[in-house]
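What follows is one structure encoded as structure tokens, with my remarks underneath.
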Amino acid sequence: MCCNVVQHQFLKMAKFNFLKIIYAIVIGIIFAVVINVGISAFYPSPDEYDRATGSSKCAPRADTQDICVANGGVWTDYANDPTYPKPIPAGTPGGYCNYEAKCQPLRDKYNRNVGIAMILIGLSALGLGLRGHKSIKEYLSRGISIGGLIVIIMGLMEFWGQLSKKVQFVVGLISLVALIYIGNKYHQKFTFSD
């Protein structure tokens with residue numbers, strides 16, 4: 001009888017801890033999604049498509065060579081494009097406008113700014129979650145920490161490709177050392193208790 005009660009209490013506690021862990025992970029994911037959507041809502045990408053105009057800030061709609069060149073694009077005739085199927089259907093514009101040279105620097109700047117903002121927000125959330133507060137349940141703090149880690153990773157991904165291999169190595173090494181330090185210093189924060 002005694003063993004059954006202890007076993008029942010253990011299973012009940014394990015189930016409760018499992019639910020807290022799942023809840024913390026879900027909070028972390030939702031936190032990261034909210035940060036990502038918030039940034040894109042208040043700081044839109046230069047490539048964001050405007051349905052009303054059929055273009056983006058970076059690449060305005062250009063159905064003719066004159067409009068394309070006037071907006072900083074490079075016009076390619078369909079007749080000179082070996083990848084475009086022949087014959088060219090009637091009513092099709094004579095070619096297409098490539099804004100890559102104009103848009104790529106704007107994308108790079110946008111990705112850098114968003115990446116830095118996400119890393120700072122993620123570090124703040126990680127610090128807040130690890131510090132905790134009496135009024136916040138510990139599994140909520142863990143969720144905020146998880147969200148901070150996810151946002152940091154998303155921030156790095158925003159501009160990782162723009163970094164040289166040496167800078168990628170240094171950033172990766174610093175991240176690894178920081179995670180080992182945080183895990184060692186705050187290891188008690190990574191457990192769930194009642």
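For this structure, a couple of remarks:
- Taking residues in the stretch 119-148 that are part of a helix (DSSP H, G or I), and partners anywhere that are modelled with pLDDT under 75 and surrounded by fewer than 13 Cβ atoms within 10 Å (Cβ to Cβ), the pairs with Cβ atoms closer than 8 Å and at least 6 places apart or on different chains are GLU138/SER193; SER141/HIS133; ARG142/PHE190.
- PRO44 meets each of the listed conditions (1) exposed (fewer than 12 other Cβ atoms within 10 Å of the Cβ); (2) at pLDDT 85 or above; (3) not in a helix (DSSP H, G or I) apart from (1).
- Cβ-Cβ distances below 7 Å connect no pair with a first residue in the stretch 18-32 that is surrounded by fewer than 19 Cβ atoms within 10 Å (Cβ to Cβ), a second residue that is acidic (Asp, Glu), and a separation of six or more residues or different chains.
- Residue within the stretch 171-189 that is open to solvent by 50 Å² or more (accessible area, probe 1.4 Å) and of a type in the set (S, T, N, Q) present: yes
- Residue that is surrounded by the most Cβ atoms within 10 Å (Cβ to Cβ), among those in the stretch 66-95 that are at pLDDT below 80 and hydroxyl-bearing (Ser, Thr, Tyr): TYR78
- Residues that are among the hydrophobic types (A, V, I, L, M, F, W, C), at pLDDT below 90, open to solvent by 50 Å² or more (accessible area, probe 1.4 Å) and over 23 Å from PHE18 (Cβ atoms) within the stretch 122-166 comprise LEU123, LEU128, MET157, TRP160, listed in sequence order.
The values are calculated or read from the model by the stated rules, or taken from the named source; none is laboratory data. Model, not experiment: these values are computed from the prediction. Here Cβ is always computed from backbone atoms with ideal geometry, including for glycine, and neighbour counts include all displayed protein chains. Only protein heavy atoms, including side chains, enter the accessible area calculation; ligands, DNA and RNA are left aside. Shrake-Rupley method; radii C 1.70, N 1.55, O 1.52, S 1.80 Å.
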